[in-house]
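In what follows, a single structure is set out as structure tokens and then discussed.
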Protein chains: 2
Amino acid sequence: MATPLEKARKDPESMKARILAVAHRIVGEYGFHGTTTRMIAQEVGIDISTLHYHWGEKKDLYEAVIIDINKDLGQKLIDVEKIIHGLPLAERMVIAIDAMTDYLFDCPEISNIMLFRYIVKTRDNVDLLGPEFTTDIARSMGLTRNSSPSTPPRAMLEVLAVMNAIHNFISGENFFPPMVRLERGEYTKTVKETLRFVLIPAFVKREGEGL
Amino acid sequence: MATPLEKARKDPESMKARILAVAHRIVGEYGFHGTTTRMIAQEVGIDISTLHYHWGEKKDLYEAVIIDINKDLGQKLIDVEKIIHGLPLAERMVIAIDAMTDYLFDCPEISNIMLFRYIVKTRDNVDLLGPEFTTDIARSMGLTRNSSPSTPPRAMLEVLAVMNAIHNFISGENFFPPMVRLERGEYTKTVKETLRFVLIPAFVKREGEGL
DNA sequence: AAATGCTTCCATCAAATAATGGAAAAACAT
DNA sequence: ATGTTTTTCCATTATTTGATGGAAGCATTT
């Protein structure tokens, strides 16, 4: 039997799925407390009570958004991993950065919500530590020794540094371009250059030395 | 004549300053919409009306917090720049990362609020683009050609990558340690190592090649 | 001591918000 | 067609939130 969330994802025309999709966007823009159920309902074009009918209380809808975002991001990471598997490190990182950046610029709410969770506390206790992909990425980047059973903390922080660097530029897509005097099109291009420039050398250098 | 904000900063025992200090912390934790004037007032131990008497409406207090945070951060950057001035690039970055990390772990609300502004929209239109220090940092890192009058966008993005990497680890101080299985003390230490490892090689390498 | 001005709190308001009950409407099954 | 279930909306409630008026308290000056 499918969970309600799975059912909603299956038929993207269903009211439940439409509400969830809009919730993604609005919550990604305004955060949990900045989002009202009215904003979401209005955007979908329905009454608030219809929203509550499908998703229960606000917290439940928010948790569904978190789970959904995590699922999307996790799937994308798996897809990218398949493409880069076996290639040399520098190439792997170029392709992964390129693919993830493109993907996230298309769904910026993913980056927004991920960062949001790291930074901000919620007055209601909506925590829900959900699945994290840091370990998988570390493995994909070759940061985990095959002998050791678990990923060392240092390697996980390195992965976080990489992922968050990307998320930050996506989430700053409204704030940064005027600040650095770039048009929107130029921004995405320059972000990719910058990410490659800043992130890759460290890992390539260590591989050259250590291994 | 001193502005109200300056006056409040001058006497940290004044009610206005005490409110502002608490507002720093709470807004840093919960963001604009997640913070209520009641939360701040209760933490200070006063009535809400006293808060409104000193700071007017919520938006005004929030803007004061933003300005104050920016001032603190800007001053710290100036201090650090004085220390590292003239040293070779690699050393400059080691010292700057170390000093900024220590400082921001002491006042995490600065990192929180900086990132918050980049990511999240506010329902009320409280924008206020305040002074940015990206240009100064770019100059301090030697990313600006002396000949060119303004900082190139690419250099500004590089600075943002560096600053945001730091901010992210500070803001994640509650979320990341359990996730990467590190005690609090170990976390700060490993964060510094990771920041040095990820951020420095790229810039050092280019200096070695290009210059 | 009286008067003045500044600060604080109590009581309260108006608006916004999350949430629900119940009637109408729509979809579906028989 | 008729009955049943599901879905949607309208009206309403309780709570929270930002904000204010006015009285009481406190300090300072005269």
Where a residue in region A:30-48 is within 12 Å of DNA strand D (Cβ to nearest atom) and at pLDDT 95 or above and its partner, wherever it lies, is part of a helix (DSSP H, G or I) and open to solvent by 50 Å² or more (accessible area, probe 1.4 Å), with Cβ under 6 Å and at least six apart:
A:T37/A:K58; A:V44/A:R18; A:I48/A:R38
Considering only helices (runs of 4 or more DSSP H) fully contained in region B:1-114, which possess at least 1 residues that are of a type in the set (F, W, Y)?
B:15-34, B:48-55, B:58-84, B:89-106
Residue under question is A:E209, and the condition is that it be in a loop (DSSP other than H, G, I, E, B), more than 9 Å from chain B (Cβ to nearest Cβ) and either in contact with a helix residue (DSSP H, G or I) (Cβ under 7 Å, 6 or more places away or on another chain) or surrounded by fewer than 20 Cβ atoms within 10 Å (Cβ to Cβ) (or both); does it hold?
no
Within region A:64-77, does at least one residue satisfy the condition of being more than 15 Å from the chain's Cα centre (by Cα), more than 16 Å from DNA strand D (Cβ to nearest atom) and more than 21 Å from B:N164 (Cα to Cα)?
no
Taking region A:54-66 and keeping only residues that are surrounded by fewer than 16 Cβ atoms within 10 Å (Cβ to Cβ) and more than 7 Å from DNA strand C (Cβ to nearest atom), one is left with A:D60
Could you grab me the full set of residues in region B:147-192 that are part of a helix (DSSP H, G or I), at the interface with chain A (Cβ under 7 Å from one of its Cβ atoms) and open to solvent by 10 Å² or more (accessible area, probe 1.4 Å)?
B:P153, B:R154, B:A161, B:A165, B:M179, B:T190
Among the listed residues B:T122, B:T194, B:T144, identify the single one that is in contact (Cβ under 8 Å) with a residue 60 or more places away in the chain and more than 17 Å from the chain's Cα centre (by Cα).
B:T122
May I ask you to verify whether B:I97 is buried (at least 17 other Cβ atoms within 10 Å of the Cβ), within 13 Å of another protein chain (Cβ to nearest Cβ), touching a Lys or Arg at 6+ places or on another chain (Cβ under 7 Å) and in contact (Cβ under 8 Å) with a residue 60 or more places away in the chain?
yes
Restricted to region B:100-140 and to residues being in contact with a Lys or Arg (Cβ under 8 Å, 6 or more places away or on another chain) and within 16 Å of B:I166 (Cβ to Cβ), the residue modelled with the lowest pLDDT is B:S140
Do the conditions hold for A:F133, that is, is it touching a residue at least 40 places away in the same chain (Cβ under 8 Å), within 25 Å of B:N112 (Cα to Cα) and at the interface with another protein chain (Cβ under 10 Å from one of its Cβ atoms)?
no
In region A:20-48, the residues that are surrounded by 21 or more Cβ atoms within 10 Å (Cβ to Cβ), more than 10 Å from chain B (Cβ to nearest Cβ) and within 13 Å of DNA strand C (Cβ to nearest atom):
A:A23, A:V27, A:I40
Take the residues of region A:100-125 that are open to solvent by 30 Å² or more (accessible area, probe 1.4 Å) and basic (K, R): which is farthest from A:G74 (Cα to Cα)?
A:R123
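The values are calculated or read from the model by the stated rules, or taken from the named source; none is laboratory data. This structure is a prediction, so every number in the text was calculated from the model and none was measured. Note: ideal-geometry Cβ built from the backbone for every residue, glycine included; neighbour counts use all protein chains shown. SASA here: full protein model, heavy atoms, side chains in, ligands and nucleic acids out. Shrake-Rupley method; radii C 1.70, N 1.55, O 1.52, S 1.80 Å.
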